[in-house]
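Report on one structure; see the data block that follows.
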Amino acid sequence: MTDSNTIFLQTAAAVMNELDIRYMEADLDGKVQLKEDLDRAMMTFSEIRCRILEREIICKPEDIAKMQQLRQEVNDAEEIQSVLSTMIRLTKFFARL
């Protein structure tokens, strides 16, 4: 696996872990808002992860930069709606790869 793929997967896994934590810490209303999109993001990440591991995808520096930006957005999000918005963009980004 190329270094760019390694960095991408590490960053993406960190984003997914942060989203799991945000879900776990949310109140009931927040969990209801996040659940469907979190499941979709996780499924899309799993598919992309497999394709990267099989070397069907080679990540580019701009992919890594985008993933790092999304990670920062998740870390900075203070409200459920911000987390949800970033999660939706993350899923769309995964689907584009």
Might you let me know whether segment 38-46 holds any residue that is on the phi < 0 side of the Ramachandran plot, among the small types (Gly, Ala, Ser), in contact with a helix residue (DSSP H, G or I) (Cβ under 7 Å, 6 or more places away or on another chain) and crowded, with 19+ Cβ neighbours inside 10 Å? yes
Looking at Ile52 and the list (1) assigned to a helix (DSSP H, G or I); (2) in contact with a Phe, Trp or Tyr (Cβ under 6 Å, 6 or more places away or on another chain); (3) closer than 20 Å to Thr6 by Cα, which single condition is not satisfied? (2)
Could you give me the residue pairs with C-beta distances under 6 Å whose first residue belongs to segment 1-27 and is under 18 Å from Gln68 (Cβ atoms), whose second residue is of a type in the set (S, T, N, Q) wherever it lies, and which are 6+ apart or on separate chains? Thr11/Gln68
Out of everything in segment 11-37 that is of a type in the set (Gly, Ala, Ser) and over 12 Å from Phe94 (Cβ atoms), what residue ends up being surrounded by the fewest Cβ atoms within 10 Å (Cβ to Cβ)? Ala13
Could you tell me which numbered condition Leu97 fails, if it satisfies all but one of (1) closer than 13 Å to Leu9 by Cα; (2) of a type in the set (A, V, I, L, M); (3) at pLDDT 95 or above? (3)
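The values are calculated or read from the model by the stated rules, or taken from the named source; none is laboratory data. Treat the numbers as computed from the prediction; the structure is a model and nothing was measured. Note: ideal-geometry Cβ built from the backbone for every residue, glycine included; neighbour counts use all protein chains shown.
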